[in-house]
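The values are calculated or read from the model by the stated rules, or taken from the named source; none is laboratory data. This structure is a prediction, so every number in the text was calculated from the model and none was measured. Glycine also receives a Cβ, built like all others from the backbone with ideal geometry; neighbour counts cover every protein chain displayed. Heavy atoms of the whole protein, side chains included, go into the accessibility calculation; ligands, DNA and RNA do not. Shrake-Rupley method; radii C 1.70, N 1.55, O 1.52, S 1.80 Å.
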Amino acid sequence: MADPDQRPHVVIGVDIGTTSTKSVAYDTDGRQLASHSVGYPLDEPQPGFAEQDPSLILDAVVETIRTVVAGLPGPVAGLSFSTAMHSLIGLDPDGQPLTPSVTWADSRASRQAERLRAARSGLALHRRTGTPVHPMAPLPKLVWFAEQEPKLFGRVAHWVGIKDHVLLRLCGALVTDHSVASASGLMDIQTRAWDAEALRIAGISEEQLPQLVATTTVLPGLTAEYAAATGLPADTPVVVGAGDGPLANLGLGAVRPGVVACSIGTSGAMRVMVERPAVDPLGGVFCYALTEDRWVVGGAINNGGIVLQWAGDALAPELGEDSEEELLALAARAPVGSGGLVMLPYLLSERAPHWSALPRGAYVGLTHGHRREHLVRAALEGVCQQLALVLASVRSAGNEVREVRASGGFARSPLWRQMLADALGMPVRFPAGHEGSSFGAALLGMQALGLIASVDVAADLVRIDETVRPDPAAAATYAALLPVHAELYEALVPTFTSLRRLAPDLPPEPPPTAPPMCSPVPPSARTPSEGRDTRGHTPRRTGGTPHRRR
């Protein structure tokens with residue numbers, strides 16, 4: 001190994017997100033030296049489908065790396081990858097895609113997921129693999145392909161995620177890391193091996209999946225084609241990397257036990273890093289790997305900033321676009337607790353802690369005295385209360401919670417910052433901005449390449465800008481309302497079931513006035529995929545067959 005003082009000390013973190021890829025170069029002091037982002041569409045050819053062209057994502061990866069390399073004054077020590085989790089691509093024997101990249105947001109496998117979840121082995125499967133049995137996950141998606149596209153299913157030689165596909169093209173290696181695999185529903189998180197029962201349910205063999213490797217695995221370099229395309233030497237080390245959710249904890253410096261990372265962008269997430277994998281007895285949380293001795297336990301919600309965007313479209317359309325400040329000012333006129341009005345913010349269904357694609361949004365407690373400000377505030381409170389339920393599930397899994405660090409577009413609003421602290425009933429710390437998952441990927445790469453001793457340095461590299469403490473009276477109000485919020489979900493499950501049964505016979509619901517995957521917050525404030533990244537790009541509704549060869 002070269003003298004550490006003579007080697008390059010710059011690593012490029014490549015973050016493959018749901019609707020854009022961003023590459024950022026960092027040095028070992030955590031300074032950002034260069035960055036570039038390239039977007040791509042999220043296609044919705046049919047209701048419930050959310051998929052992408054893998055070749056466009058590969059092109060974006062190459063372009064962002066090439067642009068960053070061109071903007072650096074010297075060489076780089078290596079590349080390290082972050083990726084949106086839960087994606088699924090079927091490859092032919094030559095490694096070419098037979099399917100689009102089916103993303104985490106795709107809900108076509110809802111019925112398959114509910115059937116698996118309701119089975120006697122459903123909870124055991126969740127606890128063994130760490131992945132909730134939910135349509136976001138590759139396992140139910142594989143069952144959907146087997147049942148709905150059997151001819152295509154039979155032609156697939158390998159099933160991979162989007163990062164696996166990119167690494168196959170760039171480096172010629174068919175591998176997947178323990179982090180991404182732990183979010184597939186196909187890997188036993190205790191043994192770090194493919195789970196035989198999950199593979200049987202999916203109808204695939206271990207040979208159809210990539211080789212499992214540690215997130216710090218270093219691939220020897222790039223193929224000649226992609227070395228030329230990126231402007232890097234062919235022997236540039238490539239660190240396999242991890243999922244964007246666990247890496248976002250690194251980006252916030254939430255790497256020590258008891259420190260929770262909370263993010264609210266279009267959607268939201270709550271994660272705490274632990275030293276041993278675990279899922280709570282009721283299956284309310286996920287458990288995903290970061291390194292061999294670091295895991296994240298938590299939950300993601302589908303509905304974060306999108307709820308504020310919906311409130312503007314539905315309740316105050318005269319305010320027009322970019323009305324976030326006016327909406328928040330309107331919400332601030334209503335009292336804490338919205339005068340007894342409770343909203344279940346399930347506009348895009350929901351994930352944690354119930355992990356069901358069934359629920360819809362609801363207002364409960366509406367009276368003649370409620371006005372628009374109450375409805376808007378109740379919507380924001382509903383998001384924070386849902387995160388409080390996720391935090392309760394994190395604690396139920398046996399985890400200490402002593403600090404919360406938060407990020408995302410909501411953090412620009414003093415009202416929403418205070419509301420989150422009040423709903424969680426504990427102080428919330430807001431770090432100075434790092435690029436989240438790309439910074440986490442770079443740190444992981446630095447550890448893998450021996451440039452830093454451990455990713456634990458993240459706790460010292462991230463500066464805290466502000467700490468918001470809960471108001472005792474407001475916190476007491478939200479604590480009293482939280483059981484109501486939880487009970488309403490259970491009480492309305494029969495109603496949600498009836499609505500879905502009736503849906504085919506009802507006139508179709510109107511299309512959203514703004515794309516559901518488009519965020520009202522700036523690209524730098526988006527959340528990772530389990531919580532989820534949608535960096536301001538619009539989903540593209542396309543016709544034709546959904547599984548065309550790319």
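For the reader, a short list of remarks on this structure follows.
- Within the accessible area of the range 358-410, the carbon and sulfur atoms contribute 48%, probe 1.4 Å, all protein chains present.
- By a 1.4 Å probe calculation restricted to protein chains, Asp94 has an accessible surface near 120 Å², given to the nearest 10.
- Accessible area per residue, Å², the chain with all protein chains present, probe 1.4 Å: 37
- Relative contact order of the chain, pairs being alpha-carbon contacts under 8 Å that are 6 or more residues apart, as %: 19
- Model label sites at Arg395 and Glu292, defined 7 Å from Cα along the beta-carbon direction, differ in position by 3.5 nm.
- Reference-scaled alpha-carbon Rg (2.2 N^0.38 Å with N residues) for the chain: 0.92
- Between Arg412 and Leu502, the FRET efficiency from the beta-carbon distance, with R0 = 56 Å, is close to 0.90.
- Gyration tensor (Cα) of the range 177-227, equivalent ellipsoid semi-axes in angstrom: 26, 14, 8
- For the pair Glu147 and Ala119, label points projected 7 Å from Cα toward Cβ lie 1.0 nm apart.
- The chain - charge dipole about Cα centre, Lys and Arg +1 at Cβ, Asp and Glu -1, debye rounded to 20: 920
- Simple spin-label estimate for Arg111 and Ala480 in nanometres, 7 Å along Cα-Cβ: 4.6
- Once each of the GluC sites (Glu not before Pro) sitting in a DSSP loop with at most 13 other beta-carbon atoms within 10 Å is removed, the chain keeps 1-274 as its longest stretch.
- Global geometry of the range 118-185, whether rounded, prolate or oblate, following the gyration tensor of its Cα atoms and the 1.5 cut on a/c: oblate
- Here Leu72 and Asp29 are evaluated by their C-beta separation; at R0 = 22 Å the FRET efficiency comes out at 0.90.
- When only alpha carbons are used to place a centre, the range 189-238 and the range 355-416 end up 37 Å from one another.
- Potential extension, Ser205-Ala491 segment - 0.36 nm per residue separation minus Cα distance: 98.9 nm
- Subtracting the Cα-Cα distance of Thr191 and Ala314 from 0.36 nm times their residue separation leaves 39.4 nm of extension gain.
- Stokes-Einstein D (µm²/s) once Rh is taken as the Kirkwood radius of the range 341-421 over alpha-carbon pairs, at 10 °C in 1.306 mPa s: 112
- Residues whose placed amide H lies under 5 Å from that of Ala137, excluding near-sequence neighbours: none
- Rounded to whole numbers, the Karplus 3J(HN,Hα) couplings from phi for the range 383-393 are 4, 5, 5, 5, 5, 5, 5, 5, 4, 4, 5 Hz, using 6.51 cos²θ - 1.76 cosθ + 1.60 with θ = phi - 60°, and x at Gly and Pro.
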